[in-house]
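The values are calculated or read from the model by the stated rules, or taken from the named source; none is laboratory data. Computed from a prediction, not measured in an experiment: that's the story for all the values here. Don't worry about glycine lacking a Cβ; one is built from the backbone with ideal geometry, like all the others, and counts go over all protein chains shown.
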Amino acid sequence: MELKSVWISIFVTFIIPLFVSAEVLPSAIKAEINKHKFNRNDVAIYIKETGRNKVVASLNIDKTMLPASVIKVYSAYAVLLELGYNYRWSTKFYYTGRLQNGILHGNLVVKGFGDPTLRTADLPGIVAALKAKGIKKIKGNIVIDRSYFTVPKRDSSHFDKNIYSAYNAMPDALMFNQHLSKFTISTKNGRHQVKKYIPGESYRVVNKIRSVSGSCTKSRSWPAIKVNHSTEIPTLVVSGKLSKRCKKRTYTYIITKSYKEFYAAFKREIKRAGISYNGRMMLGKLPAGSKSLYTHHSASLEKIISVTSKKSNNLYARHLLLTLGAKIYGSPANLSKGRRAVTQILNRYRLLDTPNCHIDNGCGLSRISKITARSMARVLDHAYKGYGKRWMNTLSIAGTDGTIRRRFQNTNVKNRAWMKTGTLNNAKNIVGYVKSRSGKLYTVVILTNGKRARWHGASLENYIMKWLVKYEGTGVNGGVDPVREKFRLKDKILWGDTVSSSPLKSLKSTTLSSHGYFIQVGSFTNYPDKAFLNNLKNRGFAYRMIKAKSLFKVLVGPYANRAEASSPLQTIKKNIPGAYITQL
């Protein structure tokens, strides 16, 4: 064994453990924790110079904590690594039978691929595109294919008592209007009306409002609203006393299936555009031999992960998780595939503390999700290294937008912090980046759990971030994140970086088939390091490289089938834990 390898082994075995649980806590932060009477075990703090091994504060960084919505950072970054900023979801339109003289003698088929943003405003453009293809009359039915995702039948997650609220909405391969139905309550001729924003049979309305005189206050100001799911078609029941003086109100509730609302709105727009249609809605998979008509694309992934993080959109986060599940493990995606996919992608770069981190549904609406401050800091550091300010701007900007638009508006933190927040009854968390007045950028993870978190967590976080903006220290030198340092040293030896003295052999071009099963061993924002590619070659693995969006992907193979790829996968995974099988 070479001397350098012996030294690394000694360092990893004996010296690193001394730093793993070390507490580095400035007296001001320690005093603030005590002021709010937090149990030390309910607080995890990790503040370090971004991209450097210099720590400012470290407390319980390896303790598992309830993340709430900050876990969205994991899914958002994983999908960015895999698909790139310019990825767009698609909704595809096909037809069966024949299209002749403007008449479609067959069905119109709509296949959803999990676009979380499809909405009413998109329909005029979609229908105009179909009309431009020559369709004047549809003699068949409209078939909806939702098979890209396998999701629970419930429309709401029922996480808490607010079961009709937007944050409880469940995903669907054909999502529409974020699973929300809009309706209004207004008065006409002294009586209250309940009017659906999208007419149709996706749900029924039962109006039991008692219109009364008097001011629009107290018991006369708010009706009782319930949704009855005891029948196949849900029923919206509105009851109670309501003053005639109350102004028109608009509500958005989870009431019915998103695909049913889509069908009602789509049917309405088709007829408005002058296309004749008298069929019905059917559910089913895209028939073999269907012919393509049109593809609608979502906004870019960059915009969607920005909404996910800034507005803490739970539905978008669920769709990110499921989309990755479908991309990595094939459709139909489910929760298990999504979790494995996020873990697989992040662990290519050893960013997760896998035994201690549990992603669950990806949105944070969970009491079993777990993370560590160290793992979150790794992800944030890695994201900044790869994408810099562009990634930071997908997070909420203090005093400017998102969930911290008002929170830091009149403080020294305004426009100096890029953060993701997370709140549950027993968790108040914030993670991201803070830039001090001296110009240094810090990676910040503050996690507070337990009974005091709800009322005292935000105060502690606010104090620490204000303190950090004024901080002029240099942090503590040396093994701040020794686990990451261990892997960095191991990678240098493994992939022939500057530590290695072995000469590099010249690359030879390798011609491979474009189709089959491959083992993906890397995904890079820049052209892969030549030593990395040479090492694969020298170990006897033929590889090919493809450019997908803004990423370079390195694939070993091809193999005839998944079973044939399994054996080399096990060998490769000893050195590259995040390697996985994919099909082209």
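Out of S90, S69, I need the residue that is crowded, with 21+ Cβ neighbours inside 10 Å, touching a strand residue (DSSP E or B) at 6+ places or on another chain (Cβ under 8 Å) and within 26 Å of N314 (Cα to Cα). Which one?
Values: S90 fails: crowded, with 21+ Cβ neighbours inside 10 Å.
Sole residue among the options that is crowded, with 21+ Cβ neighbours inside 10 Å, touching a strand residue (DSSP E or B) at 6+ places or on another chain (Cβ under 8 Å) and within 26 Å of N314 (Cα to Cα): S69.
Suppose we filter the range 314-340 for residues that are within 19 Å of H179 (Cα to Cα) and either touching a strand residue (DSSP E or B) at 6+ places or on another chain (Cβ under 8 Å) or surrounded by 24 or more Cβ atoms within 10 Å (Cβ to Cβ) (or both); how many remain? Quick ask: steps written out before the conclusion?
At the first step, the residues of the range 314-340 found to be within 19 Å of H179 (Cα to Cα) are 314-323, 333-335.
Among the residues that remain, those that are also either touching a strand residue (DSSP E or B) at 6+ places or on another chain (Cβ under 8 Å) or surrounded by 24 or more Cβ atoms within 10 Å (Cβ to Cβ) (or both) are: 314-323, 333-334.
Of the residues in the range 314-340, 12 are within 19 Å of H179 (Cα to Cα) and either touching a strand residue (DSSP E or B) at 6+ places or on another chain (Cβ under 8 Å) or surrounded by 24 or more Cβ atoms within 10 Å (Cβ to Cβ) (or both).
Anything in the range 167-201 that is of a type in the set (A, V, I, L, M) and either in contact with a His (Cβ under 8 Å, 6 or more places away or on another chain) or more than 24 Å from F113 (Cα to Cα) (or both)? List them, or say none.
Within the range 167-201, the subset of a type in the set (A, V, I, L, M) is 169-170, 173-175, 180, 185, 194, 198.
Across the range 167-201, the qualifying residues are A169, M170, M175, I185, V194.
Determine, yes or no, whether Y277 is in the same structural domain as V143 (by TED's automatic domain parsing) and surrounded by fewer than 24 Cβ atoms within 10 Å (Cβ to Cβ). Spell out the reasoning first.
Numbers: in the same structural domain as V143 (by TED's automatic domain parsing): yes; surrounded by fewer than 24 Cβ atoms within 10 Å (Cβ to Cβ): yes.
Taking the combined requirement at face value, the residue satisfies it.
Please go through (1) assigned by TED's automatic domain parsing to the domain that holds G97; (2) surrounded by 19 or more Cβ atoms within 10 Å (Cβ to Cβ); (3) more than 29 Å from the chain's Cα centre (by Cα) for F266 and return the number of the only condition it doesn't satisfy.
Only one criterion in (1) assigned by TED's automatic domain parsing to the domain that holds G97; (2) surrounded by 19 or more Cβ atoms within 10 Å (Cβ to Cβ); (3) more than 29 Å from the chain's Cα centre (by Cα) is unmet by F266, namely (3).
So which residues in the range 535-576 are in contact (Cβ under 8 Å) with a residue 60 or more places away in the chain and either surrounded by fewer than 18 Cβ atoms within 10 Å (Cβ to Cβ) or touching a Phe, Trp or Tyr at 6+ places or on another chain (Cβ under 7 Å) (or both)?
Kept after step one, since they are in contact (Cβ under 8 Å) with a residue 60 or more places away in the chain, are these residues of the range 535-576: 548-551, 575-576.
Result: A548, K549, S550, L551, N575.
Show me the strands (runs of 3 or more DSSP E) found entirely inside the range 180-293 where at least 2 residues are aromatic (F, W, Y) and in contact with a Ser or Thr (Cβ under 9 Å, 6 or more places away or on another chain).
On the way: elements: 181-188, 191-196, 204-212, 224-228, 235-243, 249-253, 281-283.
Output list reads 249-253.
For residues that are of a type in the set (G, A, S) and farther than 12 Å from S202 by Cβ, tally how many sit in the range 235-275. Give the steps one after another, and end with the answer.
In the first step, residues of the range 235-275 are kept if they are of a type in the set (G, A, S); the result is 239-240, 243, 258, 264-265, 273-274.
Filter once more, keeping what is farther than 12 Å from S202 by Cβ: 239-240, 243, 273-274.
Qualifying residue count for the region: 5.
Considering the range 371-386 alone, what residues qualify as being in contact with a Leu (Cβ under 7 Å, 6 or more places away or on another chain) and either within 17 Å of I345 (Cα to Cα) or surrounded by fewer than 24 Cβ atoms within 10 Å (Cβ to Cβ) (or both)?
Residues of the range 371-386 that are in contact with a Leu (Cβ under 7 Å, 6 or more places away or on another chain), as a first pass: 373, 375, 378-379, 382.
Once the filter is applied, which keeps residues that are in contact with a Leu (Cβ under 7 Å, 6 or more places away or on another chain) and either within 17 Å of I345 (Cα to Cα) or surrounded by fewer than 24 Cβ atoms within 10 Å (Cβ to Cβ) (or both), the range 371-386 yields S375, R378, V379, H382.
If we scan the range 354-370, do we find a residue that is touching a helix residue (DSSP H, G or I) at 6+ places or on another chain (Cβ under 8 Å) and part of a helix (DSSP H, G or I)?
No, because not a single residue in the range 354-370 is touching a helix residue (DSSP H, G or I) at 6+ places or on another chain (Cβ under 8 Å) and part of a helix (DSSP H, G or I).
Mind checking which pairs have a first residue in the range 261-277 that is farther than 15 Å from G140 by Cα and a second that is among the acidic types (D, E) and surrounded by fewer than 20 Cβ atoms within 10 Å (Cβ to Cβ), Cβ under 9 Å, 6 or more apart or different chains?
That search, which allows pairs on different chains as well, returns A264/E201.
Taking the range 298-317 as the search range and keeping residues that are assigned to a helix (DSSP H, G or I) and among the basic types (K, R), which one is nearest to N86 (Cα to Cα)? Working first, answer last.
The initial filter retains those residues of the range 298-317 that are assigned to a helix (DSSP H, G or I), namely 301-310, 314-317.
Of the ones still in play, those that are also among the basic types (K, R) are 303, 310.
Details: K303: 9, K310: 19 Å.
Applying the filter and picking the extreme gives K303.
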